[in-house]
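Taking it in order: structure first as structure tokens, then the write-up.
We did not get these values from a lab; they are worked out from the coordinates using the rules stated. Since we're looking at a predicted model, the values are computed, not measured. Neighbour counts run over all protein chains shown; Cβ positions are idealised from the backbone, glycine included.
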Amino acid sequence: MNILFVADPLESFKIYKDTTFSMMREAQRRGHTISACEPQHMLWQRGDVVRAKVRDIHLTGDANDWFSESAALTGNTTRALKDFDAVIMRKDPPFDSEYFYSTHLLEQAEREGAKVFNKPRALRDHPEKLAIMEFPQFIGPTLVTRSADDIRRFHAEHQDIILKPLDGMGGMGIFRVKADGLNLGSIIETLNKNGQESVMVQKFLPEIDKGDKRVLVIGGKPVPFCLARIPQGGEVRGNLAAGGKGVAQALSARDREIGEALGPILLARGLLLAGVDVIGDYVTEINVTSPTCFQEIHDQTGCDVPALFIDALEQALASK
């Protein structure tokens, strides 16, 4: 197969932990060929199919110079996305207007015959924080609102709360407000932009001290191990980008219950890969844009997550 990865610039990859790199490495190990482009390299001209200026690459095994371009494309030479056996959308958040437009180009490529994972429409239909609200049986007390008064009422009821922007990533913009309500007004104004933007508010879950668990769901099934991102140094955020420590561990019974319940639903919607974030017994986010933690789980447990993903990809392609 020839697989196109739509991703961030290759030169920005930190290959010792990058999940997209681990996917590429496993695909190449199986004899598949690899190409890459950035969303900005896709184009759609009247009367033509969706194309992209791509880089055909080969992984070298050298940590300092990890890929070579075996057939570099130059100038205005492009290739149709429909001509690849699979297109894997791995652009990291934020899910901004350009990401949104990229999903439309990818969806047009689908209409032309391209096989895109995760499905572009599913990416648009599953905002990573809001998506949890569809599954109330698996989440803690949660409110989404622009209203400062509603947030204050939620705080009065639950006393210890977390506030976060709906478009945040990597733990950015997350605040905890305890029973004393210190700085609640200022935090609300910062996040809701004086009532112009919606905010997610959740009851604080003390189990965060045991980690914010990333439960990976591949091909509708939970991976047997998760990565608990444990806050460090007085932080309330476990995100690795915010300094959290990643500790791989076997799924708990509740983790497995969540993964097995959500997995078939997400897969049916075109989400071959999802990262379900769980604190204690509760889902806090469902990540679908560019879920990570493959290498950390593999390195610590031996569970070959990249192989599980390529297995699922090959199976999905065989069934189309």
Exercise. Hey, does region 260-276 have a residue that's of a type outside the set (S, T, N, Q) and touching a Cys at 6+ places or on another chain (Cβ under 8 Å)?
Worked result: yes
Exercise. What number of residues within region 119-130 satisfy the criterion of being buried (at least 20 other Cβ atoms within 10 Å of the Cβ) and either in contact with a helix residue (DSSP H, G or I) (Cβ under 9 Å, 6 or more places away or on another chain) or small (Gly, Ala, Ser) (or both)?
Worked result: 5
Problem set entry | Residue under evaluation Arg176, criteria (1) assigned to a strand (DSSP E or B); (2) without any contact (Cβ under 8 Å) to a residue 40 or more places away in the chain, criterion not met | (2)
Exercise. Do we find that Arg214 is within 23 Å of Met133 (Cβ to Cβ), touching a Gly at 6+ places or on another chain (Cβ under 7 Å) and part of a loop (DSSP other than H, G, I, E, B) in this structure?
Worked result: no
Exercise. Is it true that Lys193 is in contact (Cβ under 8 Å) with a residue 24 or more places away in the chain and of a type in the set (Lys, Arg)?
Worked result: no
Exercise. Across region 42-58, what is the number of residues that are surrounded by 11 or more Cβ atoms within 10 Å (Cβ to Cβ), of a type outside the set (D, E, K, R) and either over 26 Å from the mean Cα position of the chain (by Cα) or closer than 17 Å to Glu112 by Cβ (or both)?
Worked result: 7
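Residues checked against (1) assigned to a strand (DSSP E or B); (2) in contact (Cβ under 8 Å) with a residue 40 or more places away in the chain; (3) among the polar types (S, T, N, Q):
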{"residue": "Glu11", "(1), (2), (3)": "no, no, no"}
{"residue": "Ile15", "(1), (2), (3)": "no, yes, no"}
{"residue": "Met23", "(1), (2), (3)": "no, yes, no"}
{"residue": "Gly31", "(1), (2), (3)": "no, no, no"}
{"residue": "Ile34", "(1), (2), (3)": "yes, no, no"}
{"residue": "Asp56", "(1), (2), (3)": "yes, no, no"}
For this session: Being more than 25 Å from Pro127 (Cβ to Cβ) and either aromatic (Phe, Trp, Tyr) or surrounded by 18 or more Cβ atoms within 10 Å (Cβ to Cβ) (or both) is the filter here, so list the residues in region 231-250 that pass it.
Result: Ala248
For this session: Go through (1) buried (at least 20 other Cβ atoms within 10 Å of the Cβ); (2) not in a loop (DSSP other than H, G, I, E, B) one by one and return the number of the condition Glu257 breaks.
Result: (1)
Problem set entry | Some residue of region 59-77 being acidic (Asp, Glu) and crowded, with 16+ Cβ neighbours inside 10 Å | no
